[in-house]
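Chemist: Questions regarding the structure given below will be posed in turn.
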Amino acid sequence: MNTVREKKCAQCQTSFECGNLSETIKCWCNDLPPIFSLDNYSDCLCPNCLKQATITRINEYVVTLTPENSKTNKAKDLPKTTHLVEDIDYYLENGMYVFTKWFHLKRGTCCGNGCRHCPY
């Protein structure tokens with residue numbers, strides 16, 4: 001059954017909606033990379049808290065990678081997403097998109113364009 005529930009964030013206590021709207025319209029949390037475990041929390045996190053926790057987890061992961069071990073990264077094996085998430089896949093600088101190291105890791109290979117955050 002597809003139900004949207006009103007929840008309170010386990011971290012900041014903000015109210016938010018959680019759940020799938022339909023079989024094809026999934027919960028907002030499915031837009032974020034599935035790399036964050038809620039083991040440390042009693043329930044779901046709101047969009048802001050989950051995004052911040054995801055960014056923190058990504059940053060902890062990316063600093064461990066070097067050009068030598070980046071070819072065996074786990075990011076490229078995650079389910080492919082259909083859109084980019086600001087502050088996770090890219091950030092804006094002077095009106096231009098700058099792709100993050102995480103974006104390049106998900107891609108799985110170097111494009112050869114000398115990107116600023118290329119891990120390869």
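The values are calculated or read from the model by the stated rules, or taken from the named source; none is laboratory data. Just so you know, these numbers come straight off a predicted model, no measurement behind them. Positions of Cβ are generated from backbone atoms using ideal geometry, with glycine treated the same way; all protein chains shown enter the neighbour counts.
Chemist: Could you list, in sequence order, the residues of the stretch 77-100 that are within 20 Å of Lys26 (Cα to Cα), among the polar types (S, T, N, Q) and surrounded by 10 or more Cβ atoms within 10 Å (Cβ to Cβ)?
Modeler: Thr81
Chemist: Six or more apart or on different chains, Cβ under 9 Å: which pairs go from a residue in the stretch 9-27 that's assigned to a loop (DSSP other than H, G, I, E, B) to one that's surrounded by 15 or more Cβ atoms within 10 Å (Cβ to Cβ) and of a type in the set (Lys, Arg)? Could you list them?
Modeler: Note: pairs meeting the criteria are Gly19/Lys7.
Chemist: Please indicate, with yes or no, whether at least one residue in the stretch 55-64 is outside any helix (DSSP H, G or I) and of a type outside the set (Lys, Arg).
Modeler: Yes, because at least one residue in the stretch 55-64 is outside any helix (DSSP H, G or I) and of a type outside the set (Lys, Arg).
Chemist: Would you check which residues across the stretch 101-116 are part of a loop (DSSP other than H, G, I, E, B) and either surrounded by 15 or more Cβ atoms within 10 Å (Cβ to Cβ) or among the charged types (D, E, K, R) (or both) and list them?
Modeler: Matches in the stretch 101-116: Cys110, Cys115, Arg116.
Chemist: In the stretch 7-26, how many are under 18 Å from Thr54 (Cβ atoms) and either at pLDDT below 85 or exposed (fewer than 15 other Cβ atoms within 10 Å of the Cβ) (or both)?
Modeler: Of the residues in that region, 3 qualify.
Chemist: Taking the criterion of being in contact with a Lys or Arg (Cβ under 8 Å, 6 or more places away or on another chain) and more than 26 Å from Gln11 (Cβ to Cβ), would at least one residue in the stretch 82-98 satisfy it?
Modeler: yes
Chemist: Mind listing just one residue for me: the one in the stretch 65-90 that is assigned to a loop (DSSP other than H, G, I, E, B) and under 12 Å from Lys101 (Cα atoms) and, of those, modelled with the lowest pLDDT?
Modeler: Among those that are assigned to a loop (DSSP other than H, G, I, E, B) and under 12 Å from Lys101 (Cα atoms), it is Pro67.
Chemist: What number of residues within the stretch 88-97 satisfy the criterion of being over 9 Å from the mean Cα position of the chain (by Cα) and among the charged types (D, E, K, R)?
Modeler: Result for the stretch 88-97: 1.
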